[in-house]
1. What do the square roots of 5 times the Cα gyration tensor eigenvalues come to for the protein assembly as shown, in whole Å, largest first, as semi-axes of the equivalent ellipsoid?
2. Report, by chain and number, residues whose modeled amide H sits under 5 Å from the one on B:Gln55, excluding near sequence neighbours (fewer than 5 apart, same chain).
3. Using the crude model of +1 on Lys and Arg Cβ and -1 on Asp and Glu Cβ, and no other charge, please compute the dipole size for the stretch A:13-142 relative to its Cα centre, in debye to 20.
4. Angle check, please: helix A:102-122 long axis (alpha carbons) against the longest principal axis of chain A (alpha carbons), in degrees 0 to 90, nearest 10.
5. What nm value, rounded to one decimal, do you get for the distance between B:Arg58 and A:Glu80 when each label is placed 7 Å out toward the C-beta?
6. May I ask you to derive the FRET efficiency for A:Gln116 and A:Lys68 from their Cβ-Cβ distance with R0 = 22 Å, giving the value to the nearest 0.05?
7. Shielding of A:126-138 by partners, i.e. mean partner chain Cβ atoms within 10 Å per residue?
8. Charges only on Cβ, +1 for Lys and Arg, -1 for Asp and Glu: so what's the dipole of the stretch A:74-144 about the Cα centre, in debye to the nearest 20?
2 protein chains.
Amino acid sequence: MTNISDYDLEDFTPYLLNLASETTSLAFQRHYRTTYGMLRTEWRVLFHLGQYGPQLARDICDRARLHKTKVSRAVGALEEKRYLRRSEDTKDRRQELLELTTMGRNVFAELRQAAQKFDADLVAEFTLEERAILKQCLARIAGL
Amino acid sequence: MTNISDYDLEDFTPYLLNLASETTSLAFQRHYRTTYGMLRTEWRVLFHLGQYGPQLARDICDRARLHKTKVSRAVGALEEKRYLRRSEDTKDRRQELLELTTMGRNVFAELRQAAQKFDADLVAEFTLEERAILKQCLARIAGL
DNA sequence: CCTTGTTAGTTACAAAATCAACCATATTGT
DNA sequence: ACAATATGGTTGATTTTGTAACTAACAAGG
């Protein structure tokens, strides 16, 4: 009987993606976790608010591809830390506008810089072409 | 006030990695979850045993970069499903050699084929060069 | 109005991951 | 030999996530 397949799972892209994702996420964690006591979802929500300005929880769900329960809890946690504020002065009383407080904006500025540096270090060993292809492939795979 | 930086989260590699990883992992889940009732960690452990042959839990921890508690629980679950067997005939009575049963090897063969097809479809839209660069970059980032 | 359906967001409960403590065995230094 | 320490692995408590059901507000059709 011949070998049906000599496919090596080291080539399994989801596996590589998972390893790479875990490696980088764990490494970057210390910037928001140890310093600010934030969870990953909180950092993501903070980032979206800092990056795209005041918006609804719904918008964050869509953009960040996070489930509404995750966002709901992260918003609660960020509110407790006084990093964001809600206001529901809209006509639609179901929704509430989320925006960072001054403290939240400071944290965001700090973390954005850390992220930028972290990323630069991460891809430092790659050529410009490799970086471009990497990001392009990842974006396509992620469905962006 | 000037804009300190126009760095965008979309450019943050860990974020892209996370999105891509989640997207593919969720998509592949159905192959081991719905068909065999396995969890992600179980599939990973099975994969490592099938790929690299009989070994200690410790080896799987190192190679798969999984915490020992996760591996311990996954091994227990796989044993219950009769996909693996333990034997502690070693000189060191603390450790036990893990190996797949015939059934476990069949499941592995089946899943490996599914993985191969899944992966082929995933990267189908990329050129050979792009695929090579993608894998190379991911491996480097993952520290392989 | 008043049913029916939809949307924004929260909450309750189950599943899973994380963390710390633990047991048994092995190894090292004195 | 015998503390002290390290290793392989398990277990239990705590956290975090995921799933589903829920409330409240709005929107349309009759």
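1. Ellipsoid half-lengths, sorted descending, are 39, 22, 18 Å.
2. Counting only residues 5 or more places away or on other chains, the set is B:Leu98.
3. For this selection, approximately 400 debye.
4. Around 10 degrees separate the two axes.
5. For B:Arg58 paired with A:Glu80, the spin-label model returns 4.0 nm.
6. Plugging the Cβ-Cβ distance into 1/(1 + (r/R0)^6) gives 0.15.
7. Numbers: counts 5, 1, 0, 2, 5, 4, 1, 10, 11, 5, 5, 13, 12.
Average per residue, whole number: 6.
8. That gives the stretch A:74-144 a dipole magnitude of about 260 debye.
The values are calculated or read from the model by the stated rules, or taken from the named source; none is laboratory data. Treat the numbers as computed from the prediction; the structure is a model and nothing was measured. No Cβ is skipped: glycine too gets one built from the backbone with ideal geometry, and neighbour counts run over all protein chains shown. Just the protein is used for accessible areas: all its heavy atoms, side chains included, with ligands, DNA and RNA removed. Shrake-Rupley method; radii C 1.70, N 1.55, O 1.52, S 1.80 Å.
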